1. Give the accessible surface of the chain per residue, rounded to a whole number of Å², with probe radius 1.4 Å and ligands, DNA and RNA excluded.
2. Please provide three numbers in whole Å: the alpha-carbon extents of the range 149-245 along the principal axes, with the largest listed first.
3. Expressed in nm to one decimal, what extension gain is obtained for the pair Leu18 and His153 from 0.36 nm per residue of sequence separation less their Cα-Cα distance?
4. If I take R0 = 22 Å and measure r between the Cβ atoms of Asp2 and Lys68 in this structure, what FRET efficiency does the formula 1/(1 + (r/R0)^6) give, to the nearest 0.05?
5. Let me know the charge dipole size of the chain about its Cα centre in debye, to the nearest 20, where only the beta-carbon of Lys, Arg (+1) and Asp, Glu (-1) is charged.
6. I'm spelling it out carefully: the read-out is mean projected area of the Cα convex hull in nm², the candidates are [x] 20.2; [y] 15.5; [z] 18.5, and one was derived from this structure. Which label?
7. Give me, ordered by chain and number, the residues 5 or more places off Gly210 or on other chains with an amide H under 5 Å from its own placed amide H.
8. For the range 132-200, take the alpha-carbon Rg, divide it by the Kirkwood Rh, and send me Rg/Rh.
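The values are calculated or read from the model by the stated rules, or taken from the named source; none is laboratory data. Nothing here was measured: the structure is a model prediction, and the numbers come from that model. Cβ placement follows ideal geometry from the backbone for every residue including glycine, while neighbour counts extend to all protein chains displayed. Note: areas computed on protein heavy atoms with side chains; ligands, DNA, RNA excluded. Shrake-Rupley method; radii C 1.70, N 1.55, O 1.52, S 1.80 Å.
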Amino acid sequence: LDVVVAVHHASAQCLDPLADRLGRRPFTVACLTDYSIHANWIADADLYLVASDTAYERLTRLGKRVEKLQILPCQAPDKVRLKTIDEEYGTIKIVMMMGLEGTSRRKAQRLIGKLLELPVGKRVQIDVICGRNQRLQERFENDYQECPEVTIHGYVDDVPERLKRANLALMRLGCVSMTEALAAGTPVIGFDWHAHEAECLEKLHEIGAGTGSLNPAEAASLVEGFLRNASLRRRWYTQAFKASQSESSSAAAARLILENLRRPASDRSSTSDRSSGVS
């Protein structure tokens, strides 16, 4: 066993005990799947892969070896093209992703209601993806059975392709979901997020391919501005496309792991003080 990679903060804490139980210590990697960083991510790893300046700076101050990715590793569709205004044909396709927990139902309902009240509301077609939350799916189906602008889906296995075909993604700003949208070349407007996911909004602003608001009325206004402002759509389309065309995040992560693995063991250990303890 040459390399062990942790992609969750709980498994990151197991890296050092696991490595010590093996006859020959493997190279250990913690690949942060958050744009923010909290104490549980700090472990005894030989290498950290991060996708935000905040995480990079914090780990560097602790003396850790850190490499920075542009975006998190995620599923990405093939052959992403730059979206253009000419391809819209009067209808804006929106994918709304509710996240694994489905805890944002009321905010999503208020947001959809506000959108449909707007003069541009008839221009949108909203596909709501509820994932495996059957109760959430049933509630939405009951609420929007008489609304042709809204289509409800449960679990789907082609999220990257759906995002690629969409003009805009509305979502609870989970790190992976937001990254999948950007990898598909699709701008994002967030309407809810947990405190530890606020870094997602900063990343979105850094890339320049969307924004967000915790207020459903304000989020609806942001969507209206996107629909009405062709210049804004072109800018967000361009920036999202640029994000999608950077080196594949998964390929970049693999490359960086191999580059660091090839360094002499003495060089690797000298830059990882194996310290811990973050407030």
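1. In whole numbers, the chain has 47 Å² accessible per residue.
2. Reported extents, whole Å, longest axis first: 31, 29, 29.
3. 44.6 nm
4. Calculated transfer efficiency: 0.45.
5. Dipole about the Cα centre, nearest 20: 300 debye.
6. Computed from these coordinates, mean projected area of the Cα convex hull in nm² corresponds to label [y].
7. Val188
8. Rg divided by Rh gives 0.99.
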